[in-house]
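Undergrad: Quick one: the structure is below, questions incoming.
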Amino acid sequence: MIQLIEQVMNRSDQVVIITGGNSGIGKALAIKYGAQGAKIVLTGRNLDRLEEVKSTLSDMNFGRIDTLICNAGITMRALFEDLDLDVFKKVMEINFWGTIYLCKAALPHILKSKGSIIGISSINGHRGTPARSAYTASKFAMEGFFESLRTEVMKKGVHILVVSPGFTGTNIRNTALTASGGTQGESPRDEGKMMSAETVAEKVLSAHKKRKRDLVLTSQGKLVVFLNKWMPATMDKLVYNAMAKEPDSPFK
């Protein structure tokens, strides 16, 4: 089995499905894996952007599935007391249920190929953030699901990697949903000071090749995970204060 797994990882024409592949981390992953010779299958909500990414990649191949990357996601920004529950449901449908549906459909093929499933979670899957209750819930749910699934398939040759990026310079905050379901439009953070999507993709590929279990990114992200484990009450205050300093913070 070990020899078979190594053959899958070293095969230059492995088939990789990437959800949310039209921008941000998904687009960077598609280009990074495509440059390695992988056959890329993309899903996304913006057809024009998908066509742009597709033009940089090799021909599609639907003969098998070696790797599934569950990357599609959306966030929100509003206090729970003000949040329309339809917005909460939409975030859960895309982030969590989108992952579930794809994993259910792809798992038989992944089992056959002894391949990999990669979940792009978030630091929010380890530490809740105020005014992002739906996003946090969706990422905690992803973390729990993948931990359970990993244990189920651990002796069947399937590799599961859960990636928790810290703040990454993508357009996810620009498209964040408001309390009523509208689009936030402008990011409340300095996107230029964040880890790039390209760097995230590079680290994901490296962790994939090493068949790592978990990948927590950015120094700040690692510190948050560590402190939240040992000093959760202190982290409540620190996170509140940090979020309250954002422009147009709902705490003001």
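Undergrad: Name the pairs whose Cβ atoms lie under 6 Å apart, with the first residue in the stretch 135-158 and more than 17 Å from residue 101 (Cα to Cα) and without any contact (Cβ under 8 Å) to a residue 60 or more places away in the chain, the second polar (S, T, N, Q) and not in a helix (DSSP H, G or I), and 6 or more positions between them or separate chains?
TA: From the stretch 135-158, the pairs are 136/129.
Undergrad: Condition check: buried (at least 18 other Cβ atoms within 10 Å of the Cβ), in a loop (DSSP other than H, G, I, E, B) and at pLDDT 90 or above. Does residue 136 satisfy that? Steps first, answer last, please.
TA: Details: buried (at least 18 other Cβ atoms within 10 Å of the Cβ): yes; in a loop (DSSP other than H, G, I, E, B): no; at pLDDT 90 or above: yes.
Taking the combined requirement at face value, the residue does not satisfy it.
Undergrad: So, residue 102, is that one out of contact with any strand residue (DSSP E or B) (no Cβ under 7 Å at 6 or more places or on another chain) and among the aliphatic types (A, V, I, L, M) or not?
TA: Numbers: out of contact with any strand residue (DSSP E or B) (no Cβ under 7 Å at 6 or more places or on another chain): no; among the aliphatic types (A, V, I, L, M): yes.
Answer is no for this residue.
Undergrad: Name the residues in the stretch 208-252 that are in a helix (DSSP H, G or I), crowded, with 16+ Cβ neighbours inside 10 Å and among the hydrophobic types (A, V, I, L, M, F, W, C), would you?
TA: Of the stretch 208-252, the ones in a helix (DSSP H, G or I) are 208-209, 219-230, 232-244.
Filter again for crowded, with 16+ Cβ neighbours inside 10 Å, leaving 208, 221, 224-225, 228, 235, 239, 243.
Hits for the stretch 208-252 are 224, 225, 235, 239, 243.
Undergrad: Within the stretch 16-26, is there a residue that is at positive phi, in contact with a helix residue (DSSP H, G or I) (Cβ under 6 Å, 6 or more places away or on another chain) and at pLDDT 55 or above?
TA: yes
Undergrad: Hey, another quick one. Given the structure, is residue 110 buried (at least 19 other Cβ atoms within 10 Å of the Cβ), under 13 Å from the mean Cα position of the chain (by Cα) and hydrophobic (A, V, I, L, M, F, W, C)? Working first, answer last.
TA: Values: buried (at least 19 other Cβ atoms within 10 Å of the Cβ): yes; under 13 Å from the mean Cα position of the chain (by Cα): no; hydrophobic (A, V, I, L, M, F, W, C): yes.
No: the conditions fail for residue 110.
Undergrad: Continuing with this model, one more query. Kindly indicate the residue of the stretch 12-23 that is crowded, with 22+ Cβ neighbours inside 10 Å and of a type in the set (Gly, Ala, Ser) and also nearest to residue 71 (Cα to Cα) among those meeting that condition.
TA: 20
The values are calculated or read from the model by the stated rules, or taken from the named source; none is laboratory data. Quick caveat, the model's predicted, so the values are computed rather than measured. Backbone-built Cβ (ideal geometry, glycine too); neighbour counts: all protein chains shown.
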